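Please treat every number below as a calculation from the coordinates, not as lab data. This structure is a prediction, so every number in the text was calculated from the model and none was measured. Neighbour counts run over all protein chains shown; Cβ positions are idealised from the backbone, glycine included.
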Number of protein chains: 2
Amino acid sequence: MPRQSHARASAPKKPTKQERLMAAAVRLFSRQGYAGTSVRDLGKALGIQPGSVYAHIDSKHTMLVQLIDSGIDQYLDAVAELPGTPTEQLRHFVEAHVRVVAEDVNRARVVYHQWRHIQPPDRARIVAKRYAYEQRLRDIIDAGIAAGEFATDLDRSTAVRAVLGMVNWCPEWLPADGSEPSEVVGAGLADLVLASVRVGHGAHHP
Amino acid sequence: MPRQSHARASAPKKPTKQERLMAAAVRLFSRQGYAGTSVRDLGKALGIQPGSVYAHIDSKHTMLVQLIDSGIDQYLDAVAELPGTPTEQLRHFVEAHVRVVAEDVNRARVVYHQWRHIQPPDRARIVAKRYAYEQRLRDIIDAGIAAGEFATDLDRSTAVRAVLGMVNWCPEWLPADGSEPSEVVGAGLADLVLASVRVGHGAHHP
DNA sequence: CCTACCGATCGGTAGG
DNA sequence: CCTACCGATCGGTAGG
């Protein structure tokens, strides 16, 4: 067993202190929350003094903003262009979302829940991005209804929120489910989503 | 049922200071998180001095434990006995869960996310209760598969987590959706859930 | 990146 | 329920 375990395999990526701080922030904000994480915790994670943290960051709040900004962008990028029919697009949407969650479940949890700690003026931009992502899903579902692929009596809002609920809950149990590859999990969730919105599954609630 | 100190049955009851503190904690923990809420915030909400808060509570942590303990019990009680076939039970489960969420979305958010701030030894009991609730849903789904009402190729774990995700995400959007009664929302979500697990909706992912 | 430090705030207590 | 206070910790800064 080599002492330099992860030394440059293909790309010599040595993380900067700033990158290491951001990685520590993801882990700590996820487990203890933004308010429950001190700048001293971040320094301790890198083995430096509390005051030294500010040689690499502007403020604790700026770290949160950058983390969530880039985090939401990962989701937006992943579903920006989806090929195929609305049915296929919806499958791709769910699978892409689960893939991004699985890449870093801690980051996912921070993006979903810690945005409430973001203060104006950054907050407005974050909320707008979240809405844009929801709108992306809504458009797919609308197209599916219009194309006759999804049930015509489907309630758009309920469907959008049900799908987002399913995929956004993943970080709560994905880590404890390391046995299954995330692609399998994503495909399984996509199956359930498609079954729930597809036409021909019988009458809805009377 | 344990003792109720001096509560009048079916009368306009005047909340005690302790009850008012718990109500304030629900609201503040939900919006700012447990760590982001100070005992001074709680005192301010009741118009009393910070130190006076301790005339009514033991500690901030005890408030969180009591809040989440009784909160989870609400969910367990709501689904303890569900009539009918597995299909009907699953519908009742979703509708009952959404009803409890709608009763107090702030409390729901605290129950779902702030339990991570609970320290041992209380933590073990909370985690066990959460697992018991999940097990309750798993049993219904297993019964539905065994009875031939749900798809035989349904993945139990995925189905359980998908359903929990849908209903547990409700507090994120229910407050913004005040126009629709929660019973309608619950029925709509139950429709989607039943459609996703029911037999005869076509082949799953190849 | 360290030492040394700032004023503010934290959860909680003593003694009325 | 108040006044007065405790030691600990907070986010952040000055000056090397």
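Each label point was placed 7 Å from the Cα along the Cα-to-Cβ direction; for B:Asp153 and A:Gln66 their separation is 4.8 nm.
Ordering A:Ser30, A:Ser52 from the fewest to the most neighbouring beta carbons within 10 Å gives A:Ser52, A:Ser30. Peptide packing for A:32-44, A:185-197 was compared via the average number of neighbouring C-beta atoms within 10 Å per residue; ordered from the highest value, the list is A:185-197, A:32-44.
The range B:148-166 and the range A:114-193 have Cα centres spaced 18 Å apart. Once the Cα-Cα distance is subtracted from the 0.36 nm per residue extended length, the B:Ala55 to B:Lys13 segment shows a gain of 13.0 nm. Between copies, B:Tyr131 shows label-point distances of 4.3 nm, shortest first, with the point placed 7 angstrom from Cα along Cα to C-beta.
Put the Cα centre of the range A:53-84 next to the Cα centre of the range B:9-56 and the gap is 35 Å.
Straight-line reach from A:Lys129: taking Cα to Cα under 17 Å and skipping same-chain neighbours fewer than 8 places apart, the aspartates and glutamates in range are A:Asp69, A:Asp73, A:Asp77, A:Glu81, A:Asp139, B:Glu172. Listed by chain and number, the lysines whose C-alpha is less than 20 Å from the C-alpha of A:Lys17, apart from same-chain residues fewer than 8 away, are A:Lys44, A:Lys60.
Step by step: find N for the protein assembly as shown, compute 2.2 N^0.38 Å, then divide the Cα radius of gyration by it. What's the final number?
Working: Rg = 22.9 Å, N = 412, 2.2 N^0.38 = 21.7 Å.
The reported ratio for this selection is 1.06.
Overall size of the range A:1-133 from C-alpha positions, given as principal axis extents largest first: 54, 47, 21 Å. Here is what passes the span test in chain A: the DSSP H helices with alpha carbon length of 15 Å or more along the helix axis and a Kyte-Doolittle mean of 1.0 or above are A:182-197. B:Gly51 label point (Cα plus 7 Å toward Cβ) to equivalent points in the other copies: 3.4 nm, shortest first.
Comparing the range B:104-206 with the 2.2 N^0.38 Å rule of thumb, its C-alpha radius of gyration ratio is 1.26 (two decimals). Each copy carries a label point for B:Gln66 at 7 Å from Cα along the beta-carbon vector; from one copy to the others these points are 4.3 nm apart, nearest first. Volume of the convex hull of the range B:30-91 (Cα atoms only), normalised per residue: 118 Å³.
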